1. Which FRET efficiency value, to the nearest 0.05, do you get for R61 and R125 by plugging their Cβ-Cβ distance into 1/(1 + (r/R0)^6) with R0 = 41 Å?
2. So if we plug the beta-carbon distance of L98 and A51 into 1/(1 + (r/R0)^6) with R0 = 25 Å, what FRET efficiency do we get, rounded to 0.05?
3. Can you work out the Karplus-derived ³J(HN,Hα) for every residue in the stretch 117-130? Use 6.51 cos²θ - 1.76 cosθ + 1.60 with θ = phi - 60°, whole Hz, and x for glycine or proline.
4. Separation between the A132 and E161 pseudo-spin-labels, each 7 Å from Cα along Cα→Cβ, expressed in nm?
5. For the ranges 79-85, 137-143, what's the packing order if you count other beta-carbon atoms within 10 Å of each residue, average per peptide, and put the highest first?
6. Would you work out which of A58, A122, P43 lies farthest towards the positive end of the dipole of the stretch 43-160? Charges go on Cβ: Lys and Arg +1, Asp and Glu -1.
7. Full-extension gain between W69 and D140, please, as 0.36 nm times their residue separation minus the C-alpha to C-alpha distance.
8. Please report, largest first and rounded to whole Å, the three semi-axes of the ellipsoid equivalent to the stretch 43-160, where each semi-axis is the square root of five times an eigenvalue of the C-alpha gyration tensor.
Amino acid sequence: MSGDEFQWSAVDELRRIVGFGSMGVAERRPPGRVTTMTASWSPDELRLVNAAGELQIAVRRSDGSLRRWVPIWVVCAGGQVYVRTWYRRDTGWFGHALRSRRARIRVPGLEADVTIDDIGDASTRVTTDVDAAYRTKYGDGGAGSMVTAAAAATTLQLNHE
């Protein structure tokens, strides 16, 4: 076996996914075999988020402290949590979220740390699902500014830490 080939056992695979060696120390993963793991939202958490008219988000600064809480509309689609702003900008909560990629959110009954993925309008399926969720939750009239092409380009996925 050459140095670039690996033979994997089930335990090795689990360690690779988790990212730790046998001694609990982070180790280098083989090239091309990267797995990102995030905690899933539970059905109860999704229910709480979806029931909330607004979610409050506080983006993390580089030192880990929280910026001020900002209320924003939120929807759930496909077992994920999404937020948008009505246009893409590098200022305010949205600009801070793009740079930090970490925040804390709260709705009645739930407060959680999240990581932020900039989905934008890269996935037609996600855009369609999130548009439908906004229309269902906020009505055609209320959701109008949140289901435009400009708003779809601002789609952020919030991943439970």
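No lab work stands behind these numbers, since they all come straight from the coordinates. All figures in this text were calculated on a predicted structure; none of them were measured in a lab. Virtual Cβ from ideal backbone geometry, glycine too; neighbours counted across all protein chains shown.
1. For R61 and R125, the calculated efficiency is 0.75.
2. 0.35
3. 10, 7, 7, x, 10, 5, 10, 4, 4, 5, 4, 4, 5, 5
4. 3.3
5. Taking the mean over residues of other Cβ atoms within 10 Å, the ranking is 79-85, 137-143.
6. So the residue furthest toward the plus end is A58.
7. 22.8 nm
8. Equivalent ellipsoid semi-axes, largest first: 21, 17, 12 Å.
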